[in-house]
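For reference, the structure discussed in these notes is given below.
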Amino acid sequence: MGAEECDDHMEVSISDSQAFREVQRVLQSVRMDPFLIDLKDKDEYDYLLIAVDPTKKRSLDESAMLVTTLKALSESVSKIDIMYHHALLHNIFTMCIWYLNEETRVALLDLITRLAVVADQYLRECLQMLVNNFTPPRPLVPSMEQPGWLAKKKVIYSQLHESLKMISDTVPLAARILKDIINRSMPKLFDTKAKMVSFVECMLGLDTERLGDLIGTTLLEKVVDLLTELDVNITWEDILQEEHSKGIFEMELEDLDDDEDNLGQEGTKALFGGNVFADKLDGLMVVVCEHLKSCDRDRLFKEFGILKTIFRKAVLKVHKSKFAQFIMFYACSLDPEICGVDFALFLTDIFTKKEDDAIARMSAVSYVGSYLSRARFISADTVVAVLKRLVEWCDSYCKLKRDPVKPIDHQIFYASCQAVMYVLCFRLRSIMDYPNLKSQLFQMPIESILMDRLEPLKVCLPSIVNEFLRQARAARLFNAPVDLPLEDIVESDLSKAFGGANRLDMFFPFDPYLLRESDRYIRPNFEFWSLVKTTYSNNSDDDEELGDLDAPGMNVDSLDDHVEIDFKDDDDIEYSMNKMSITPHRSFYHPMSMSSDSGLSMPARIRPSVSPPS
């Protein structure tokens, strides 16, 4: 038996060896003017072209022959010439690895790697072929979520990554050319979700070790650009507008998914408007979050440093962005002690230093206010440290004795005051629980700043001023007599004036996250207003119930199990409104959603769509 197996093996080896020599001979025989090629040699070359035809469906025997042919070509790359073998190269570079079995894929990728390395005149074509295979062909897309294909997809991605890394390690020029190819091949706004998700998922797999050090910045830049482009194409008209509005406290419908069971299928369709951009963005956010989650601590810190630079350049001043910025939020949540604190200080530095223009500084202070309010993973001592810097800046500004001419002339000051009040709406109670932090807070000249002749309490958003004064008075942090703004208005003419054309008075970049699929990465670390303990809350059953929700080990996802809202009961709706959010709705994005006798509303969820926009 053993002798027979040995003989069979020798036959295969001899057969392969003969095939290798024959392929080399055929390649050499056609390296001349077409009119001089022997007809027999031309027929054999044509047979070689058929053997590697990318469109051909193959039997098992033909697949085995393809493997042998690819291996033979790998041993003969020095014989391949673009002038005489153009058709052969075309067939090779247009092959789709997704249709090939494991052995054939390995043989093809080995050939591509050798062509790129041995004959660097084909380097760009080889890299382009590999990048073209980042996405599966359209007919296979519906099968990609099946368990068998999910496993195969991981294998294919791994093989593509290995080939690209091998080429870049061998050819110094490869990384630069690869960056250019990826830049040109990035999915466009109207490409399918499947193409976007597959391409970005495979692309981010390159962002590791040496290759990641070489092209990682480019990869993340392209991803953030795509996220932002999709984000700004989601308008507030596309987002569910909750019609029930009671005063300035607005619902954060963070658990609307669970409520849909009570609405029925028809009710769900009626409530949500489809948005293809939101669906694509949602899928990409999952991919990027998974990538960050997979990084070890050292790699995460490098990624975070790159993301900070990209954020400052491409996201900070994009005020129509609603969700892309949560990539920073999630990255910080993975390493609160280093990345989480660093991001808060990074934003504060942009605000306090005069290196950037006024819009960038106002955006930065809006970001830091929203971030400190919403990030559950940021400690109270970090909050106090940042507040101290903001208050010191405001105090210095007041001491300059500026004239209160127009709010827009002091918009940076008002933005900072509003950020301080907004943070304290969320964090004052938790700060009061620590005597040392309470002492530091009470030593800050917050009251004198807010009572300054620039009158920030009259200029900042009434909804935030009201809530802040209510809590600050309960905590005895603010004792000066002042008239409260009207309870039934969200904004004022003065707040609109300091917000400017971009309405930065209404810019709260880390408002509740509304994308369904990727919500699971944000929710566990996000502070909803419904869970905030205020300084004026008493020990009523309602507050105890919400207090329990905020306790360690409590599953935030189960909020609806504890706070049930009957959408048919006006009393329940009004109660829930007063327990949810103080953040004003961005009405200037959606002016037609209001009427003169109705309040404003908070968007709930975006319903993903599988249909292109009409």
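The values are calculated or read from the model by the stated rules, or taken from the named source; none is laboratory data. All values reported here derive from a predicted model rather than from experimental measurement. FYI the Cβ positions are ideal-geometry reconstructions off the backbone, even for glycines, and counts take in every protein chain you see. We work out accessible area using only protein heavy atoms, side chains counted, and drop any ligands, DNA or RNA first. Shrake-Rupley method; radii C 1.70, N 1.55, O 1.52, S 1.80 Å.
Separation of the range 40-91 and the range 104-143 by C-alpha centroid, Å?
The range 40-91 and the range 104-143 have Cα centres separated by 15 Å.
Where does the charge balance sit around Leu316 when Lys and Arg score +1, Asp and Glu -1, over other residues with C-beta under 12 Å from its C-beta?
+3
Where in the range 184-236 are there trypsin sites (Lys or Arg not before Pro) that are in a DSSP coil and have at most 14 other Cβ atoms within 10 angstrom of their Cβ?
Taking the range 184-236 and a limit of 14 other Cβ atoms within 10 Å, the loop trypsin sites (Lys or Arg not before Pro) found are Lys188.
How much of Asp381 can a 1.4 Å solvent probe reach, expressed as accessible area in Å² and rounded to 10?
It works out to around 90 Å².
Net charge around Asp41, counting only other residues with Cβ within less than 12 Å of its Cβ (Lys, Arg = +1; Asp, Glu = -1)?
Once all neighbours under 12 Å are counted, the net charge is -1.
When the solvent-accessible surface of protein heavy atoms is calculated with a 1.4 angstrom probe, in what order do Leu457, Leu214 fall, highest first?
Listed by decreasing accessible area, they come as Leu214, Leu457.
Under a Cβ-Cβ cut-off of 14 Å, what is the net charge of the residues other than Val26 that fall near it, where Lys and Arg count +1 and Asp and Glu count -1?
Result for the local shell: -2.
What is the Cα centroid distance between the range 281-330 and the range 159-237, reported in whole angstrom?
Comparing the Cα centres of the range 281-330 and the range 159-237, I get a distance of 14 Å.
Within the range 87-242, what is the number of lysine pairs with alpha carbons under 16 Å apart, leaving out pairs fewer than eight places apart on the same chain?
Lysine pairs satisfying the spacing and distance rule in the range 87-242 number 6.
Rank these residues by their accessible area, most exposed first, probe 1.4 Å: Phe326, Phe301, Phe277.
Phe301, Phe277, Phe326
Report, ordered by chain and residue number, the lysines lying within cross-link reach of Lys406, taken as a straight Cα distance under 16 Å and ignoring same-chain residues fewer than 8 apart.
Correct list for Lys406: Lys458, Lys496.
Could you compute how much accessible surface Trp149 exposes when probed at 1.4 Å, giving the result in Å² to the nearest 10?
50
Hey, which of these cross-link pairs are over 20 Å Cα-Cα: Lys320/Lys354; Lys280/Lys320; Lys354/Lys388; Lys388/Lys438?
Check vs 20 Å cut-off fails for Lys320/Lys354.
Using the per-residue mean of other Cβ atoms lying within 10 Å as a proxy for protection, in what order, highest first, do the peptides 52-62, 444-454, 429-439 fall?
Per-residue mean Cβ counts within 10 Å order the peptides as 444-454, 429-439, 52-62.
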